[in-house]
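Below is one structure; the comments refer to it alone.
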Amino acid sequence: MGRPARGGHLMFPSTFRKLEVFVTVVEAGSFAAAAERLGISHPSVSNHIQALERQTRSALFLRRKGTMSNLTEQGRRLYERGLELLDKAESLSRELALATEQVNVTPLAITCQRGLAPGWLCAPFAEFAKSNRNIDFSVNTSRYETVVEDLQEGRSDIGLLLAHSVVPDLPCEAVGEERFSFFAAPDHPLASCASIAPAELRAHPFITSRRAGRFGQMVHAMLVNAGVEDYAVAYQVQEGLMVQELAIRGLGIFCGPDQLAQGAVDAGTLVRLPVEGPRLAMTVHCALSPKRKPIRAALAFAHSVRSHHAKARLEAEAMHAPMPAECASLHLVSH
């Protein structure tokens, strides 16, 4: 007879599959997207989730008609523990394979748009590298055009880059989005305004990426869609940190990724301008080279990036979630 699992609960053989489906639903954002990613039907995804809810005796999603399902507290806990269990199962599988097979070093060339590296590449890459010692990594950061070229020409296996729409001629998957804002020096004439109409920006010089480059054109298109047209350009600069430094010296306004400027904002050398209008953002894409057959290491790294940022997003949502009424009452009583 087999030994029962700890705690008196039996671990069914299909539990890991249910967890895999559940984690994919969370990371994909919907049952339909998870079904497409897993290559199974929508009803099959629903059946796996319902079976997991019966097994755990708890609702995992707050289901509201016409909206994307959100996780319950039990669902959030299961997602975090499920990631750990799936990672451990994968690690165990690798260890057992290494015990019987000769270890072959796999080369993996990664390229990343320079402005994305601090917030989108560094942490997931370090996590992935730590658990994949048999991979020979080559990592390069560069401007948007070079990242695209390296992938198109087959010099890199996988890359991370920003795009305002689709990335032409590259197989891509969206892994998140990067918000953009307008920034200026604290002593800039607009820095003290409570609200700024897009048309007001035309009276002030801009510092932009090179307009001849594809990324500069995407930023320009995003500004035009937000109602910022016919603006004066004082400097066109290739390097994002140089754009930021020019703005800090009071030489103009720039529109750039929030995470790239956050350090300067926290240090008080830049301020985020409260410009009216739609939310500005670009999609972060994970792209594969069309000239290279997707290797397992590249696909595994893409999954690692998705999982890392999906977990970070859930943690951020949890931090900003409203306090439950019963907890708020306890908080008031304690004071």
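Is it the case, given these coordinates, that ALA97 is surrounded by 11 or more Cβ atoms within 10 Å (Cβ to Cβ), on the phi < 0 side of the Ramachandran plot, modelled with pLDDT under 85 and part of a helix (DSSP H, G or I)? Walk me through it before giving the result.
Numbers: surrounded by 11 or more Cβ atoms within 10 Å (Cβ to Cβ): no; on the phi < 0 side of the Ramachandran plot: yes; modelled with pLDDT under 85: yes; part of a helix (DSSP H, G or I): yes.
The answer is no for ALA97.
Out of ARG37, ARG63, report the one residue that is over 19 Å from GLU173 (Cβ atoms) and modelled with pLDDT under 90.
The unique qualifying residue is ARG63.
Consider PHE125 carefully, then state whether it is surrounded by 21 or more Cβ atoms within 10 Å (Cβ to Cβ) and in contact with a helix residue (DSSP H, G or I) (Cβ under 9 Å, 6 or more places away or on another chain).
Numbers: surrounded by 21 or more Cβ atoms within 10 Å (Cβ to Cβ): no; in contact with a helix residue (DSSP H, G or I) (Cβ under 9 Å, 6 or more places away or on another chain): yes.
Here the answer is no, as PHE125 does not meet what is asked.
Is it true that GLU73 is within 26 Å of ALA302 (Cβ to Cβ), surrounded by fewer than 18 Cβ atoms within 10 Å (Cβ to Cβ) and of a type in the set (Asp, Glu)?
no
Within region 198-218, take every residue that is free of Cβ contacts under 8 Å to residues at least 40 places away in the same chain and part of a helix (DSSP H, G or I) and give me the one that is surrounded by the most Cβ atoms within 10 Å (Cβ to Cβ). Lay out the reasoning, then the answer.
Just the residues of region 198-218 that are free of Cβ contacts under 8 Å to residues at least 40 places away in the same chain, to begin with: 199-200, 202-203, 209-212, 216-217.
Now narrow it down to the ones that are part of a helix (DSSP H, G or I): 199-200, 202-203, 216-217.
Numbers: ALA199: 13, GLU200: 16, ARG202: 12, ALA203: 10, GLY216: 20, GLN217: 14.
Looking at residues that are free of Cβ contacts under 8 Å to residues at least 40 places away in the same chain and part of a helix (DSSP H, G or I), I get GLY216.
Of the conditions (1) at pLDDT 95 or above; (2) outside any loop (DSSP other than H, G, I, E, B), PRO107 satisfies every one except a single condition; which number is it?
(1) is the only condition that PRO107 fails.
Being more than 22 Å from ALA221 (Cβ to Cβ) and touching a residue at least 60 places away in the same chain (Cβ under 8 Å) is the filter; apply it to region 174-192 and report the residue that is surrounded by the fewest Cβ atoms within 10 Å (Cβ to Cβ). Talk me through it step by step, then tell me what you get.
If we filter region 174-192 for residues that are more than 22 Å from ALA221 (Cβ to Cβ), which is where we start, we get 185-192.
When the remaining residues are screened for being touching a residue at least 60 places away in the same chain (Cβ under 8 Å), the result is 185-188, 190-191.
Working: ALA185: 18, PRO186: 13, ASP187: 9, HIS188: 19, LEU190: 17, ALA191: 17.
Ranking the qualifying residues of region 174-192, first place goes to ASP187.
Scan region 137-159 and tell me whether some residue there is in a loop (DSSP other than H, G, I, E, B), out of contact with any Phe, Trp or Tyr (no Cβ under 6 Å at 6 or more places or on another chain), outside the structural domain of LEU270 (by TED's automatic domain parsing) and loosely packed, with under 15 Cβ neighbours inside 10 Å.
Looking through region 137-159, at least one residue is in a loop (DSSP other than H, G, I, E, B), out of contact with any Phe, Trp or Tyr (no Cβ under 6 Å at 6 or more places or on another chain), outside the structural domain of LEU270 (by TED's automatic domain parsing) and loosely packed, with under 15 Cβ neighbours inside 10 Å.
Could you tell me how many of the residues in region 193-229 are charged (D, E, K, R) and more than 24 Å from VAL271 (Cβ to Cβ)? Before the answer, list the steps.
We begin by selecting, within region 193-229, every residue charged (D, E, K, R); these are 200, 202, 210-211, 214, 229.
Pick out the ones that are also more than 24 Å from VAL271 (Cβ to Cβ) and you get 210-211, 214.
Of the residues in that region, 3 qualify.
From VAL265, VAL243, grab the single residue that is modelled with pLDDT under 95, over 17 Å from the mean Cα position of the chain (by Cα) and not basic (Lys, Arg). Talk me through it step by step, then tell me what you get.
Details: VAL265 fails: modelled with pLDDT under 95.
Unique residue meeting the criteria: VAL243.
The values are calculated or read from the model by the stated rules, or taken from the named source; none is laboratory data. Here the structure is a predicted model, which means the values were calculated and not measured. Glycine also receives a Cβ, built like all others from the backbone with ideal geometry; neighbour counts cover every protein chain displayed.
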